[in-house]
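All remarks here apply to the structure that follows.
The values are calculated or read from the model by the stated rules, or taken from the named source; none is laboratory data. Predicted model, so just to flag it, every value in this text is computed and none were measured. Heads up, the Cβs are rebuilt from the backbone with ideal geometry, glycines too, and the neighbour counts pull from every protein chain shown.
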Amino acid sequence: MNPPALELALLGLAAVAGGAVNALAGGGTLITFPALIAAGVPALSANVTNTVALVPGYLGGAVAQRDDLSGQRSRVTAAAVPAAAGGLLGGGLLLWTGGRLFEALVPWLILSATALLAAEPWLKKSVVRRLESPSAGARPHLLGVAAAAFAGSVYGGYFGAGLGIILLALFSLVLPDSLTRVNALKQTVSLLANGAAAVLFAATGNVVWAAAAVMAVGALLGGALGGRFADRVPATVLRAVIVALGLAVATVYFVR
């Protein structure tokens, strides 16, 4: 199915908002995924289309943070295959279990992503404390990096909202480094996981390509706008608005 022109335009606007929110505070999927559902796209196709549409945004984020990957070649190498494999596994689980189970899980997934977004400031403080603790001075085991990348990427391939904070928390358990550098690694892993899942989804016929194309452009534009105005919009206020939206969407699903 391809949504009418007006709905495509609205999806594009939702993607602009989602891209800007991702750049400012995170949680853009809590805008773009419900927008696809509201446009009449079935839940599984909406999730698949959303994943494909957001890949360019992940690519832009990874390129923007490439300087912070300097000296992390061994980590990227250790994480690359597990991230792609995890994304494929998560995407495969989504397709194998089918739309009925996914629809039943949607309110719980949205609620979980909303909770992660709400807790992100405290989780990041915890991450920084772990990264800066004396016990973090030991050389990290690359198997731990690979395991963290795989575990997070399975979730990312299945749904993906809140993937960034999940990966940050997992990597903080095995990496002695700054938050900026770990964040750059997280961005690369997110790109690989979502990219692998998107390739799988593209071969299944579940992607609403017209919507994905419009939303990809909108997300890139929104990301650029969000980055430009990052110092003018209070992230805490925006996060509170998105959390409220996530709770409202989850509530609607629960009472349906």
Exercise. Regarding LEU94, is this residue part of a helix (DSSP H, G or I) and crowded, with 21+ Cβ neighbours inside 10 Å?
Worked result: yes
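Scan the stretch 94-110 and give yes if some residue there is β-branched (Val, Ile, Thr), within 16 Å of the chain's Cα centre (by Cα) and modelled with pLDDT of 85 or more, otherwise no. Let's see the steps before the verdict.
From the stretch 94-110, those β-branched (Val, Ile, Thr) are 97, 106, 110; that's our starting set.
When the remaining residues are screened for being within 16 Å of the chain's Cα centre (by Cα), the result is 106, 110.
From what's left, modelled with pLDDT of 85 or more: 106, 110.
Checked the stretch 94-110: at least one residue is β-branched (Val, Ile, Thr), within 16 Å of the chain's Cα centre (by Cα) and modelled with pLDDT of 85 or more.
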Exercise. Which residue, of ALA115, ALA136, ALA147, is at pLDDT below 85, surrounded by 15 or more Cβ atoms within 10 Å (Cβ to Cβ) and among the small types (Gly, Ala, Ser)?
Worked result: ALA136
For this session: Would you be able to tell me the number of residues in the stretch 163-189 that are free of Cβ contacts under 8 Å to residues at least 60 places away in the same chain and part of a helix (DSSP H, G or I)?
Result: 11
Exercise. Say we look at the stretch 190-228 and pick out the residues that are in a helix (DSSP H, G or I) and of a type in the set (S, T, N, Q); which of these is nearest to ALA147 (Cα to Cα)?
Worked result: SER190
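Table: residues versus (1) crowded, with 20+ Cβ neighbours inside 10 Å; (2) at negative phi.
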| residue | (1), (2) |
| --- | --- |
| ALA46 | yes, yes |
| LEU54 | yes, yes |
| GLY61 | yes, yes |
| ALA64 | no, yes |
| LEU69 | no, yes |
| ALA79 | yes, yes |
| GLY98 | no, no |
| ILE110 | yes, yes |
Exercise. If you go through the stretch 63-91 one residue at a time, how many are in a helix (DSSP H, G or I) and of a type in the set (S, T, N, Q)?
Worked result: 2
